[in-house]
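Asks: Below is one structure. I have some questions about it.
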Amino acid sequence: MKLNPFPFSLDNKRYHTLNYYNKNKFGIKVHKAVLECGFTCPNIDGSKGVGGCIFCDGGSGYFTVPNLTVTEQLKKEYERLSKKFGNDIKFIAYFQANTNTYTSADRLEKLLDEAISFPNTIGISIGTRGDCLPDDIIELLKQVNKHTSLTVELGMQTMHDSTLSVINRCCSHAEFLEGFYKLKNAGIRTCLHLINGLPNESTEMMLQSANEVARMSPDAVKLQMLHIIKGTKLHEIYQNTDIKLLSREEYIDIIVKQLELLPAEIVIERITGDGDKSKLIAPLWSSNKKAVINGIDKRLVELDTYQGRLYCSPN
């Protein structure tokens, strides 16, 4: 067996896993407790568009229970997670569904305070968009960052405006960058989301997006395959047009190439998606998350490569 040349690893992984990051930061295994707090999005409510992104399934987060308080949801998440991992668990309270900074600073502050006060919470993660980070929200996040471990997750999806238009993102890459650098300049940990296999994107375009992430140097990134979920606009398009989806082998090859381009210090918080299997239309191979991850690990070893091998620092 080849020796692992990757420095940020406890388990022979050749990329910087979230498990490695959490064990070094917190000293324990950390889970995520997902929350749904009734937020919408500017491309849903008409302020910038309607219908949401074409792949949107009502904000994602199939463990979430809407219409409950933050405390009630965290209690349910504790019950769900403790059945599998035991009673002595700690978690990140994850404001996941829709755009969680698309509200007033006062309302968001109350929700965050409630989540931080829950006994098992050791950090906060907030999912949002780059165009929904006004100065008063940034100032609030700076204060929250002083009192807990905070991550803001930004849906970049791709760097290509042509694709962003196709998926009805209603947020240009330039707008995304403006929000990202607000967070970066405020010293707030950021995690960017990239989706592979978006309509009309070539492998070269996907690698360009990875190179852009490398240039921006966020703290973390989530990588996943485009899912076609039942009832979404994308599902309708898929039924009526010829959308080419990546095969599992193609996805693995792209992920390996993207990892090679990303600095080793960037945490890979997700390397494949695991959407609601009851609603998944395609690609069906993506439902076997373990097989995809094992395939990525195997390919990295076969090629004797690792995250950051081809990264070229701009300095």
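Asks: If each residue's Cβ is checked for other Cβ atoms within 10 Å, how do Ser172, Ser278 rank with the fewest at the top? The partial results should precede the final answer.
Replies: On the way: Ser172 14, Ser278 8.
Taking fewest neighbouring Cβ atoms as first place, the list is Ser278, Ser172.
Asks: Something else: Taking neighbour Cβ counts within 10 Å as the exposure measure, how do Ser125, Ser313, Ser287 sort from fewest upward?
Replies: Working: Ser125 24, Ser313 8, Ser287 15.
Least crowded to most crowded, the residues run Ser313, Ser287, Ser125.
Asks: With a/c under 1.5 counting as rounded, go ahead and sort the range 18-302 into rounded, prolate or oblate using the C-alpha gyration tensor (a ≥ b ≥ c being the square roots of the eigenvalues; past the cut-off, prolate if a/b is larger than b/c, else oblate). Working shown, then result.
Replies: Numbers: a/c = 1.36, a/b = 1.24, b/c = 1.10.
Rounded.
Asks: Once you place label points 7 Å from the Cα toward the Cβ at Asn4 and Lys277, how far apart are they in nm?
Replies: 2.7 nm
Asks: I would also like to ask the following. Of all beta bridges DSSP finds with both residues in the chain, what is the antiparallel percent, to the nearest 5? Display every interim value, and only then the final one.
Replies: Numbers: 3 of 35 bridges.
In the chain, DSSP labels about 10 percent of beta bridges as antiparallel.
Asks: Hey, another quick one. Which residues in the range 132-176 place their backbone N less than 17 Å from a point set 7 Å from the Cα of Met205 along the Cα-to-Cβ direction?
Replies: 156-174
Asks: Moving to a separate point now. With label points built 7 Å along Cα→Cβ from the Cα atoms of Val301 and Asn12, find their separation and express it in nm.
Replies: Reported label-point gap for Val301 and Asn12 is 0.5 nm.
Asks: Let me ask something additional. Between Ala186 and Arg80, what is the FRET efficiency for a Förster distance of 35 Å, r being their Cβ-Cβ separation, to the nearest 0.05? Write down the numbers at each step before the final one.
Replies: Numbers: r = 33 Å, r/R0 = 0.94.
Once rounded, the FRET efficiency stands at 0.60.
Asks: In whole Hz, with x marking every Gly and Pro, tabulate ³J(HN,Hα) for the range 196-203 from phi via Karplus 6.51 cos²θ - 1.76 cosθ + 1.60, θ = phi - 60°.
Replies: Going residue by residue, I get 8, x, 5, x, 6, 8, 8, 4 Hz, with x marking Gly and Pro.
Asks: What pairs from Lys76/Lys290; Lys23/Lys233; Lys84/Lys110; Lys75/Lys279; Lys244/Lys289 go past 32 Å between their alpha carbons? Present the calculation step by step, with values, prior to reporting the outcome.
Replies: Details: Lys76/Lys290 26 Å; Lys23/Lys233 39 Å; Lys84/Lys110 30 Å; Lys75/Lys279 26 Å; Lys244/Lys289 21 Å.
Checking Cα-Cα distances, Lys23/Lys233 exceed 32 Å.
Asks: Any chance you could run the full-extension gain for Trp285 through Cys312? It's 0.36 nm times the residue separation minus the Cα-Cα distance, nm to one decimal. Intermediate values should be presented prior to the final figure.
Replies: On the way: separation 27, 0.36 × 27 = 9.72 nm, distance 3.32 nm.
Extending this stretch completely gives an extra 6.4 nm.
Every read-out reported here was derived from the displayed coordinates using simple, explicitly stated rules and does not represent laboratory data. None of the values given here were measured: they were computed from a predicted structure. Neighbour counts run over all protein chains shown; Cβ positions are idealised from the backbone, glycine included.
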